[in-house]
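Engineer: First, the structure itself, so that you have it in front of you.
Quick note: the coordinates plus some simple rules give every number you see, no bench work behind them. Given the structure is predicted, the values throughout are model-derived calculations rather than measurements.
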Amino acid sequence: VQLVESGGGLVQAGGSLRLSCAASGDVFNIIAMGWYRQTPGNQRELVATINNGGSTNYADSVKGRFTISRDDAKNIVHLQMNSLKPEDTSRYFCNVHKGPWGHYWGQGTLVTVSS
């Protein structure tokens, strides 16, 4: 599975950005798609996920501000980020979960929120 992310950039606090991730290749058996971001400790923390049934899951820190959506026909997942805060600054990674066939990651896209 190849993942191509787009939409990162620099924005002022309170602004918005929309991230997109297009999956190609062996896109069969995808269970869920989502976004993670890198913590200062170099871990990846969940931001939002969406499964095949359309159920979503959000980190508490982004609830009410971020919205994840998915275009199944095109295997694209979007993350609409509103009311951005400086603490949202991070590298955001697209993730595809294929159950027993594993997880796949994009290269990441940088989001910088200035105060």
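Engineer: For the chain, calculate the relative contact order in percent as a whole number, restricting contacts to Cα pairs under 8 Å that are 6 or more residues apart. It would help to have the intermediate numbers written out before the result.
Structural biologist: Values: 274 pairs, mean separation 41.5, N = 115.
After rounding, I find 36 percent.
Engineer: To make sure I understand the rule: partners must be aspartates and glutamates, Cα under 16 Å from the Cα of LYS63, and not fewer than 8 residues away in the same chain. Which ones qualify?
Structural biologist: Straight-line reach from LYS63, under 16 Å: GLU45, GLU87, ASP88.
Engineer: May I ask for the distance between the Cα centers of the range 8-23 and the range 40-111, given as a whole number of Å?
Structural biologist: Computed from Cα coordinates, the inter-centre distance equals 12 Å.
Engineer: Per residue Cα convex hull volume for the range 11-115, in cubic angstrom? Spell out each step's value before the answer.
Structural biologist: Values: hull volume 10.2 nm³, N = 105.
Per residue, the Cα convex hull of the range 11-115 comes to 98 Å³.
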